[in-house]
Structures are given as C-alpha cells and as structure tokens.
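The values are calculated or read from the model by the stated rules, or taken from the named source; none is laboratory data. Since we're looking at a predicted model, the values are computed, not measured. Please note: Cβ atoms are built from the backbone with ideal geometry, for glycine as well, and neighbour counts cover all protein chains shown. We work out accessible area using only protein heavy atoms, side chains counted, and drop any ligands, DNA or RNA first. Shrake-Rupley method; radii C 1.70, N 1.55, O 1.52, S 1.80 Å.
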Amino acid sequence: MTKPLITIIVPVYKVENYIHTCVESIINQSYTNWELILVNDGSPDKCPLICDEYAKHDKRVSVIHLENGGQSRARNRALDIPSNSEYITFLDSDDFWHKDYLEIMLGLCVEHNADMSQCSFIRGTGFDFPHINVMPQIEVMDNHSIFLSGRSNVLVWGKMYKRKLFDNIRMPEGLYNEDDWVAWKLYYKANRIVVSSDMLYYYRVNQASTMNRIVQQARLDFVGGYHERIAFFENTGEMDLRDVSIKQYCKSILMYYGIDNQKKADRDVLWSDFRKYWPMIKGSQYVSFYYQVLFAFFRCAPGPVSYLSRFYRKKKIKRLSKVVR
C-alpha cells in the first residue's frame, strides 16, 4: 500500500539559533514520505544558507527565497506550488515536532476517515521543555461540534489537513494574526476532525516571534477576521456558531484591551465592538456561566478586569512552561 505524500510548509525568518532543531525534527520523523518546503522570508541572518544546505543533502527538501513579505505570503507561496501530496501540515521555524508527529497525525486522519487531525502542544523557552507523559485522549468531531466543544483554536500549526481543504482558501497577506482569518474556515470546511490530547508539537516562546511582536505592538489585525466570521455564521443562520464566535472575539478583546502600549483609538474600537457584541450573547446557552460573569465584570470595569485576566493568564502559561527536571 502506497504511503500518502505529506507537504510540510515552514516559513523561515530570523531563527538562526533554532532552525536546525526545527528541520532536524522533520528529517528524523518516523514517517518518511514527505516533502518539505522551506520558505526563506528574506531572513537577514544565516537562515538562507542553512536552508540551502539542507536542500543539497536531502532531495525531499526544497527552498523558496523571497523578499520579506510576512508569514502569510510565505505560506501562500508554498501552498501555490503544484504537488501530488494528499496532506498538508505547517511548522513554525522556531518550533519542532515529536519524532512520531507525522505518523500519528496521518494515522488519525486515515483511521477515522477525517479531513483534519489536531494535536496538543508543549510550551517551552529556549531549549527547555517540560517532560509530560500522559495517555492521549481521542475525540472525533464534525464541523459544528468542534466549535461548540471549545476544542477549536485559531492556530494553523499543530494540525494535519487534507490538501483539498485549501482549495480557494489562502492566508490574508500583509496582516498579522492571519490564523484568526483562516483556521475557522478550515474547521468549517472539514467533514470530520480528530482531536488528540497527545502533545506532539513543541512551541517555543520566542520574544522575536511573530506572535510576540503582535502583542508587543498591540496589533489589531484579528478584528477583521472576527467580523468576517461572525457575519458569515449570522448569514447562514447558524446562530450557535455565531454565538461561540462572538464569545471567542470577546475573549480576544478582553486580552488586548489592557495592553500597556495600546493606542486609545484602537482601545476605543475594541470597546465599541464589545458593547455591540456582548448583548448578543448575554444569556446564550452556548456561552458558559464563567464567561457570562467575566464579560459582565469587564463591561463594568474593563481596565482592571483586562489587567487581572492577562496577569492570571501569564501565571498559567508560566506554570505550564515550567520544566520538569
């Protein structure tokens, strides 16, 4: 039986210290029928040379060199390359995989006849990561239950997709938070999604990463993505998915509202949207009591509630990132 070909897409930018770990985690996968597309997004360090060296020594590796244009454009250029692959997965260049990532993720799709599989991730800093050994739990969901269960997320990485899901779907270029615009569309387009609690993706907290730059710069590119998502489900009459989308947006508003360097004009946009959307889900059966209370307090005292929420979130992340030695 022929093993399906998997396309792996890795945008590369200013990760000279981590690129070897990233690529080696791919080369050393137990599943071997893959093609890797390294997209050099105009990286000013030694990354372009390192990528070329990998391509010289492994015919499964190819490199695209671009002028710097952002992660979305890099991913799109790789998606546009004709391929016979049946599946696609993404890895950020400062992260890496468990050695069985491809084999397990593909196996979940094949065993359950799913269009998408999703794993959990381990958060770490530098080269220090927790050692976590738990029995993974598997859930099979459709394109409604994935949203209603809270198992959906806005991350493109940590998932394996059938290539057909990307027909007519691309990342919005020139924006940060592009995952917010795309991930929900891929979930919705999938007939079946397998969610595993297995921690196969190693996410490195990198202060130079795109996500950290977004938070530090208080970028609000995610706002348009949520407007589009909420309007889509409202137009299709799927009010359950509309409500959970609004809940997710309100959670993002709450987090970004209290960022220290947030511009007043942007904070006003967030506050205006919260006042518009919160009444629409107040009392909704698809919004838990916890979030009903949290949003009610935020409506009364947005500054303090946002600060406290961010404070406890940071403490939780720090606790989850603690290395078990």
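Here the Karplus curve 6.51 cos²θ - 1.76 cosθ + 1.60, taken at θ = phi - 60°, turns the phi angles of the stretch 29-41 into couplings of 5, 5, 8, 10, 8, 9, 10, 10, 10, 8, 10, 6, 8 Hz, with x standing for Gly and Pro. The Cα-based radius of gyration and maximum Cα-Cα distance (Dmax) for the stretch 48-203 are 16.0, 46 Å. Maximal additional length on extending the LYS282-ASP167 stretch stands at 37.8 nm, based on 0.36 nm per residue less the C-alpha distance. Please report, as a whole percent, how much of the solvent-accessible surface of the chain comes from carbon and sulfur atoms (probe radius 1.4 Å). Carbon and sulfur atoms account for 52 percent of the accessible area of the chain.
Calculate the FRET efficiency for GLU16 and SER120 from the Cβ-Cβ distance with a Förster distance of 22 Å, rounded to the nearest 0.05. Could the numbers behind the result be given before it?
Values: r = 28 Å, r/R0 = 1.27.
The computed FRET efficiency comes out at 0.20.
Remind me, relative contact order of the chain in percent, using alpha carbon pairs under 8 angstrom and six or more residues apart?
On the way: 543 pairs, mean separation 57.4, N = 325.
Over the chain, the number comes to 18 percent.
Highest mean first, the peptides 158-165, 77-84, 224-231 sorted by other C-beta atoms within 10 Å per residue fall in the order 158-165, 224-231, 77-84.
Ranking of PHE232, PHE298 by solvent-accessible surface, largest first: PHE232, PHE298 (1.4 Å probe, protein heavy atoms only, all chains present). For the chain, the alpha carbon convex hull comes to 143 Å³ per residue, rounded to a whole number.
Using a Cα distance threshold of under 15 Å, what count of lysine pairs results for the stretch 225-283 when pairs must be 8 or more residues apart or interchain?
Taking the stretch 225-283 as the scope, the lysine pair count is 4.
As an exercise, use a Förster radius of 25 Å and the Cβ-Cβ distance of LYS3 and TYR290 to find the FRET efficiency, rounded to the nearest 0.05. The computed FRET efficiency comes out at 0.05.
At a probe radius of 1.4 angstrom, the accessible area of the stretch 44-96 per residue rounds to 50 square angstrom. With viscosity 0.890 mPa s and temperature 25 °C, the Kirkwood radius over alpha carbon pairs of the stretch 1-61 converts through Stokes-Einstein to a diffusion coefficient of 202 µm²/s. Any idea what log10 I(q)/I(0) is at q = 0.13, 0.22 Å⁻¹ for the stretch 115-211, Debye with uniform C-alpha scatterers and no solvent? Result of the Debye calculation: -0.51, -1.20. Count charges around ASP41 for me, please; just the other residues with Cβ under 10 Å from its Cβ, Lys/Arg as +1, Asp/Glu as -1. Cβ neighbours under 10 Å give a net charge of +3. Approximating the spin labels as points 7 Å out from Cα along Cα→Cβ, the ILE138-to-ASN261 distance works out to 4.6 nm.
With a probe of 1.4 Å, find how much accessible area the stretch 115-188 has per residue, and write the answer as a whole number in Å². Write down the numbers at each step before the final one.
Values: 3330 Å² over 74 residues.
Dividing the accessible area of the stretch 115-188 by its residue count gives 45 Å².
Annotation: per residue accessible area for the stretch 233-276 equals 47 Å², rounded to a whole number [probe 1.4 Å, protein chains only].
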